[in-house]
1. Among HIS110, HIS186, which comes first, then next, by fewest other beta-carbon atoms within 10 Å?
2. Counting only helical runs of four or more DSSP H residues, what would the 222 nm mean residue ellipticity of the chain come to if each run contributes -39,500 (n - 2.57) and the total is spread over all its residues?
3. Rounded if a/c is under 1.5, else prolate if a/b beats b/c, else oblate: with a ≥ b ≥ c from the C-alpha gyration tensor eigenvalues square-rooted, which is the chain?
4. Highest mean first, what order results for 209-215, 126-132 on Cβ atoms within 10 Å?
5. Can you give the net charge of the other residues whose Cβ lies under 11 Å from the Cβ of PRO169, counting K and R as +1 and D and E as -1?
6. Mind telling me which of GLN179, GLN144, GLN155 comes out most flexible in a GNM of the chain, alpha-carbon contacts under 10 Å?
7. What are the residues whose amide H is under 5 Å from the amide H of VAL205, where those residues sit 5 or more places off or on another chain and H is modelled from the backbone?
8. If you take the charge dipole of the chain about its Cα centre, with +1 on Lys and Arg Cβ and -1 on Asp and Glu Cβ, which of TYR49, PHE17, VAL159 is farthest toward its positive end?
Amino acid sequence: MPDELLARLRRFHDHTFPGVQDRFQDLVRDGQHPTILFIGCSDSRLVPYLLTGTGPGELFIVRNVGAFVPPYDIGASRGQLAGFHGTTAAIEYAILNLKVAHIIVCGHSHCGGVRALYEGVDPDTAPNLAAWLDLGREAVLPVQLTDEALRRTEQRAVVLQLERLMDYPMVRRQVDAGQLALHGWHYVIEDGEVHVFDVHQGAFVPASSSEHSGTGPFLPFAGDDISPVDAW
Ligand SMILES: [Zn+2]
């Protein structure tokens, strides 16, 4: 049986890499300096480089089921790690070491992770997945699952993660200092369009009609006294 993955690896090395070799060697010599932390769902239809027109060295990416952000574990700051937090570690590294200027939280349409919040997961066969989905639980609406409810929930989940990000002391500090911007995105796969969260409208706005790439709920705008929660 032909090994298709091996064929792809060889194709990359022999045909693709020579065209980008200089770029990668620069990134090795100078190190990586990405300015964007991209927190996205693991869904295979979400392709961050395509969406953002970025290439090697430009995105620091962490992906997980649902594009969720775990709560900041206060125990971690005291050296009392309660568990393994891959997403949390990536956030800390991106802010403290890479000093990124943007964090994008990117959910999407037809999200299986968000759908599972309604349909349930067997905690006996998938205990880790069942526990992980709790990170989106607050976004669930008290309605029957419909296409519209799913989309609303996917969007609410993005805002929930943005709010949780602000509980990370290093995130809040950088946002307050005007050094870091948060962006909430909902990518509609079938339209090829990202809807960006606009705190002033309390809604997701298609990128084609938005004036910005997402203000995030907490950027300090002068005279802005709208509570993110109320707005949403
Ligand atoms: Zn998803």
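Bear in mind that the values in this text are calculations on the coordinates, not laboratory data. All figures in this text were calculated on a predicted structure; none of them were measured in a lab. Glycine gets a Cβ as well: all are built from the backbone with ideal geometry, and neighbour counts include every protein chain shown.
1. Values: HIS110 15, HIS186 27.
With the fewest neighbours first, HIS110, HIS186 line up as HIS110, HIS186.
2. Details: 9 runs with 83 residues, N = 232.
Helix-only estimate at 222 nm: -10000 deg cm²/dmol.
3. Working: a/c = 1.41, a/b = 1.22, b/c = 1.16.
Judged from the Cα gyration tensor, the chain comes out rounded (a/c under 1.5).
4. On the way: 209-215: 15.9, 126-132: 13.6.
Taking the mean over residues of other Cβ atoms within 10 Å, the ranking is 209-215, 126-132.
5. Numbers: positive: ARG172, ARG173; negative: GLU92, ASP167, ASP176.
After counting each charged neighbour, the total is -1.
6. Of GLN179, GLN144, GLN155, the most mobile in the Gaussian network model is GLN144.
7. VAL196, PHE197, ASP198
8. Among TYR49, PHE17, VAL159, the one farthest towards the positive end of the dipole of the chain is PHE17.
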